[in-house]
1. So what is Rg over Rh here for region A:231-303, counting just Cα atoms and using Kirkwood for Rh?
2. Count the DSSP beta bridges whose two residues both fall in chain A, then state the antiparallel fraction as a percent rounded to the nearest 5.
3. Name the residue, out of A:263, A:151, A:253, whose mean-square fluctuation peaks in a Gaussian network model built on chain A with Cα pairs under 10 Å.
4. Using a Gaussian network for chain A with springs between C-alpha atoms less than 10 Å apart, which of these wobbles most: A:271, A:60, A:280?
5. Tell me whether region B:4-251 comes out rounded, prolate or oblate; compute the Cα gyration tensor, take square roots of the eigenvalues as a ≥ b ≥ c, and use a/c under 1.5 as the rounded threshold.
6. So for B:72, B:87, fewest C-beta neighbours within 10 Å to most, what's the order?
7. Pick from A:69, A:195, A:172: which is most flexible by mean-square fluctuation in a GNM of chain A where alpha carbon atoms under 10 Å apart are linked?
8. Give the separation of the Cα centroids, region A:20-62 to region A:232-296, in Å.
């Protein structure tokens with residue numbers, strides 16, 4: 001379906017809470033089957049944006065459409081297309097897990113005949129079979145979280161919106177959730193918000209970083225790294241005479257600079273941090289030049305900036321931007 | 001309305017598995033039992049003018065004041081406090097269906113509790129074996145009055161619950177509103193300043209809304225459509241306000 005509308009389309013979304021700008025002119029599109037990671041410090045407007053996407057909160061201005069249905073004018077159609085897990089995952093305390101799924105399935109208009117098998121399937125997927133007859137209020141945090149996740153995919157909606165799904169899970173459970181979300185890739189469009197950055201990096205096709213209600217960066221994790229950090233860096237452990245080093249580096253690549261030099265360790269090796277604006281792999285030429293100059297090289301590695309660095313850089317940069325003119329639009 | 005029955009059966013099921021329902025029901029029956037015993041004792045001492053059913057239902061406001069807040073204070077306030085209203089309203093369910101489902105469940109429980117008091121009259125009938133004690137007119141009229149006025153009382157409770165996320169606040173609010181409705185109307189009617197010429201229409205309105213007057217009519221077998229209209233229309237109004245209350249809280253959450 002080449003002419004099908006995108007799964008999620010948000011343009012110039014603004015949300016005001018009693019004079020406070022929670023979301024300020026956010027625009028993005030998400031194709032069907034993509035997984036979007038929503039990043040931002042606390043209070044950046046992540047949850048507000050998600051609530052507007054679900055139709056739970058009205059937007060102050062802007063346009064939001066899910067699979068071509070505008071949220072503002074067709075909330076009922078939109079609610080049939082989404083599975084939503086809110087922040088802090090609210091669940092009724094005094095229901096059994098299977099009862100809860102049955103109730104939610106009926107509300108989500110799953111036909112009675114299909115509901116039983118579908119509940120079994122979802123319980124199996126989220127590893128909840130053992131607790132299906134337990135009372136939700138007595139479950140541990142990890143189980144509750146998985147009940148919330150399972151509930152959001154129960155009706156197999158084309159769009160799934162999860163607000164911090166992996167909060168409070170142990171590493172093993174995070175792995176299960178990650179596999180679960182990855183298994184939805186291609187079939188369902190997923191938006192997840194999280195503070196756990198490696199999590200987002202591993203599962204998401206695209207990342208959207210917002211701060212103070214604005215989009216500060218978006219793209220694939222690799223794009224973001226390049227765009228925000230703008231350079232690669234190398235670390236080398238070298239021993240020998242370092243006076244000729246700047247000249248040697250210029251031979252390898254004109255933009256290669258020595259950023260930092262550590263104190264020599266007992267064996268006489270110093271750790272050098274080199275930065276470059278170039279994107280090509282410089283490991284091999286660098287190694288050759290250093291060896292030819294008679295330096296002893298013990299280690300050379302290209303540093304991989306994590307999404308965490310990108311996130312910190314992006315949000316810091318937007319704070320700087322915001323600090324000079326407080327009212328831009 | 002296709003989700004109404006799903007929500008109603010869910011709410012009823014939640015009421016049936018919750019111990020607080022049974023505690024409330026037991027307390028209610030013990031309380032009403034004491035009242036009934038008191039009435040019977042006074043009848044055994046001296047002959048009375050009215051039938052026991054008449055006196056019994058005359059005290060309808062006592063259980064209403066404590067039962068209705070207890071039954072309804074939880075329904076919307078709890079959903080909001082836990083945040084489950086968010087998951088509820090992001091399914092294809094309308095606010096109207098949610099409010100009506102909770103209202104209907106609370107009303108069913110209210111009716112069930114009152115109908116349990118029918119047992120008292122059955123025992124009286126069984127052992128007194130005197131038809132005079134069981135005047136079926138006031139008895140049916142009394143139950144009809146309880147059923148019709150309950151529509152409004154429960155709706156007021158649901159409305160109070162939609163205003164607060166704190167159950168205690170919702171309960172006290174409900175109690176205050178019911179008090180103003182039932183006792184306040186009586187005070188207003190007796191007050192002197194309403195006798196002025198200018199306020200005649202207000203006085204007429206207050207008289208129209210006298211819940212004790214409605215009760216007297218019902219037990220005498222007079223089912224006035226104006227009174228039925230009063231209860232039905234004010235119930236609808238209270239429910240519309242509850243729906244607006246829930247939605248207004250969403251806009252300003």
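Every number in this text was worked out from the coordinates using simple rules, so none of it is lab data. It should be emphasised that the depicted structure is a prediction, and the values quoted were computed from it without experimental measurement. All Cβ positions, even for glycine, are placed from backbone atoms using ideal geometry, and neighbour counts span all protein chains on display.
1. We get a ratio of 0.92 for region A:231-303.
2. Expressed as a percentage, antiparallel bridges in chain A total about 70.
3. Highest fluctuation among the options: A:263.
4. Sorting by GNM fluctuation, first place goes to A:280.
5. In terms of gyration-tensor shape, oblate.
6. So the residues, fewest neighbours to most, are B:87, B:72.
7. Between A:69, A:195, A:172, it is A:172 that shows the largest mean-square fluctuation.
8. 44 Å
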